[in-house]
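Visitor: Dropping a structure here in structure tokens format, bear with me for questions.
Please treat every number below as a calculation from the coordinates, not as lab data. Since the structure is predicted, the reported quantities are computational estimates derived from the model, not experimental observations. Neighbour counts are summed over all protein chains in view; Cβ atoms, including those assigned to glycine, are modelled from backbone coordinates with ideal geometry.
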Amino acid sequence: MTAADVRDWDPGDGRIATPSAARAPAWSADVPVRPPAALPPLAPDRGPPAPDWAEVVEHFREGLIVCDDAGVVRQLSPVAERLLPEVAVGELLAASGVAGLRTSPAGGEFGHRGRRLRVREVPLSAGRSCHYVEDVTESVTRADALLAERARSAFLAVVGEKLGNPLHPDRAAAAVVRLAVPTLAEVAVLVLAPRSGRARWWRATRVDDEAPGVDSGVLNAVDLPVAIDEGLAGAEPHTLDWLVEQAVEAGWLPGLDAVDVSVRVVPLPGRDLPAGALLVARRSARYYDEADVDLLRAFAARAGAALTTAVLYRDQAEVADTLQASLLPVEPAEVPGVQWGTAYRPAQAGLRIGGDFYGSHRLPDGGAVFFLGDVAGKGVEAAVFTGQLRQCLQALHRVESHPARLLGLLNDALLETTLAHGQGRFATMVLGVVRPRRDGGVTLTMSGGGHLPPLVLRSSGEVETVGLSGMLIGVVPDPRIGEVTVELAPGETCLLYSDGVTEARGGRRGDEQFGVDRLLHALGGCHRMPAPALAERIEQVTCDWLAHGDHDDIAVLALRATGPHSRPARHLHAVPALP
């Protein structure tokens, strides 16, 4: 029952006013007061006796304090006596010493004896007034707890969103300390687990109302403060004086003194060991209580997961880059009188590796073994197979330099691999040997294993197709391997390419193959091009034909005879456009 259950009780005679049509409904609480202890009984001719309002008012949720026009307390309900023991009947309300009672009619809240009270003043007739006093401690506590939980959930949601993006340990670490300020600390320091005897650290400090500034550095693992070292070991140091002193002496708490700072160190969970340790500090006016520590641990768990993911991604990326680098085609070795040009575009650009390959190896006599091939499949498996082929060729060319016999040895090696692993692996390839001549030209001896025939650009501008054929490598024992010898005069070029060029689908309809005829037309007028420019042109016209569509692996190897000491000729004339 509240004070609203009582309407207009006049403390002068202790009776309830009779409601009329013009007045408010009965039981509205305009003037709730504490009635006298005993009310005179009503005369028999005036109806039933009045209720005991002292008993009614005692059960109000609000306390009632009625004052006269001089501010002297005249009535005091039991609830008011319990909430405000300083207030006494017959004394001035202002003399009670409760400052919160001096409020406006709109009301207000104040703290008193560990409770939260809400008071509002209502004027009565004849200059009197009534103060309604309500204990709102529980409701305010619940509301504060709800707001705190909402703020906590919103903060952790932002943390999860921000820390879900960086996949580099440095960017993730910078994001961690930036998010910790100012919600968790005025200064936040993150130290990652040492790597190669060195520990990386990041620090964020609050600069007025601006975004926190972040700086970083490197520290020897042996020079780490004891608290940070314990945090990296998984322990969680408490707020101790020596911890504060260490942080201040290390220079990690700019603007904070050891006498007015509260510090916490928490480990950031990792896979096996902590990913790092987080030190947070703020002024002692806001000591870290249990709720703060719980929020700090929840933040540390998310930060540790983000850093662990970033470190794992970095390690995997390093391994992938190392493996990809070993599988990428290697630029051909320099040979006197020979200029090389290469172009390579894998089907899956994100991997940077594919099933096409090329390369060369120097021979003791001054020449070189060169090759270009295509293995079955795409992606990682095809790239691994090309790596095996290149390693085989690197070993076999030391014992055999004749192209046809070298291809035969490579075929035997592939068949043995198939028998050992039970997987059919085959490839197409053109393998040749180039040897410079005294007149500045070169002699090419080439063998074919089921690959597209090479093209030769003569100095006259004519494009010739070399009649080279053969069977797939790695399918049957003792395959038929073609062989041909081509002479290149200075300024002439031999072009090897994979089927990713001729089978590229695009054009106006989007499904038409590029074909050999368009390739021959694209080579028209390019006989004066240096080998690198020629290979780049073939790749460019193929990609233009594709128009960003899907394609197979593309590989181009151009070999140009330049003479013993000649400089490359400038290519300034126009080349024909595709039909």
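Visitor: Report the dimensions of region 88-215 along its three principal axes from the alpha-carbon atoms, largest first, rounded to Å.
Guide: Largest to smallest, the principal-axis extents are 84, 25, 24 Å.
Visitor: If you project the alpha carbons of region 272-336 onto the principal axes, what extent comes out on each, in Å, largest first?
Guide: Its Cα atoms span 79, 23, 14 Å along the three principal axes.
Visitor: Could you calculate the FRET efficiency of residue 503 with residue 145 from 1/(1 + (r/R0)^6), where r is the beta carbon distance between them and R0 is 51 Å, rounded to 0.05?
Guide: On the way: r = 68 Å, r/R0 = 1.34.
The calculated FRET efficiency here is 0.15.
Visitor: Give me the net charge of residue 171's neighbourhood, meaning all other residues with Cβ under 13 Å from the Cβ of residue 171; Lys, Arg count +1, Asp, Glu -1.
Guide: On the way: positive: 162, 178, 200, 314; negative: 170.
So the environment of residue 171 carries a net charge of +3.
Visitor: Stick to Cα atoms and the Kirkwood definition of Rh, then tell me Rg/Rh for region 452-537. Don't skip to the end; give the middle numbers.
Guide: Values: Rg = 15.1 Å, Rh = 14.7 Å.
Ratio of gyration radius to Kirkwood radius: 1.03.
Visitor: Residues of region 313-344 with amide nitrogen under 18 Å from the 7 Å Cα-to-Cβ point of residue 398?
Guide: Counting only backbone N, you get 333.
Visitor: For the pair residue 513 and residue 125, how long in nm is the line joining their label points, each one 7 Å along Cα→Cβ?
Guide: 10.9 nm
Visitor: In whole angstrom, and with the biggest value first, how far do the Cα coordinates of region 406-514 range along each principal axis?
Guide: 50, 48, 17
Visitor: Would you mind calculating the gained length between residue 325 and residue 198 on full extension (0.36 nm times residue separation, minus the Cα-Cα distance), in nm to one decimal? List each step's numbers first, then the result.
Guide: On the way: separation 127, 0.36 × 127 = 45.72 nm, distance 2.73 nm.
Working it through step by step, the gained length comes to 43.0 nm.
Visitor: Could you pull out the trypsin sites (Lys or Arg not before Pro) across region 109-145 that fall in loop regions by DSSP (anything but H, G, I, E, B) with no more than 11 other Cβ atoms inside 10 Å? Walk me through the numbers before you get to the answer.
Guide: Values: sites: 113, 115, 116, 118, 120, 128, 142; in loops: 113, 128.
Passing sites in region 109-145 are 113.
Visitor: Then there's this: With a sphere of radius 10 Å drawn around the Cβ of residue 374, what net charge do the other residues whose Cβ falls strictly inside it have (Lys, Arg +1; Asp, Glu -1)?
Guide: Numbers: positive: none; negative: 356, 499, 552, 553.
Neighbourhood net charge equals -4.
Visitor: Taking a temperature of 10 °C and a viscosity of 1.306 mPa s, what whole-number D in µm²/s does Stokes-Einstein yield for region 317-468 with Rh from Kirkwood over alpha carbon pairs? Write down the numbers at each step before the final one.
Guide: On the way: Rh = 16.6 Å.
D, rounded to a whole number, is 96 µm²/s.
Visitor: Hey, another quick one. For residue 171 and residue 96, what does the FRET efficiency come to when R0 = 60 Å and r is the distance between their Cβ atoms, rounded to the nearest 0.05? Don't skip to the answer; put the middle values down first.
Guide: Details: r = 61 Å, r/R0 = 1.02.
My answer for the efficiency is 0.50.
Visitor: OK, next. Suppose R0 equals 45 Å; then what is the FRET efficiency for residue 82 and residue 235 from their Cβ-Cβ distance, rounded to the nearest 0.05? Write down the numbers at each step before the final one.
Guide: Values: r = 49 Å, r/R0 = 1.08.
Using R0 = 45 Å, I get an efficiency of 0.40.
Visitor: State, to one decimal in nm, how far the label point of residue 376 lies from the label point of residue 286, with both points 7 Å from Cα in the Cβ direction.
Guide: In this crude spin-label approximation the distance works out to 6.7 nm.
Visitor: Per 0.36 nm of contour for each residue apart, how much would the distance between residue 226 and residue 68 grow if the chain were fully extended, relative to their Cα-Cα spacing?
Guide: 50.1 nm
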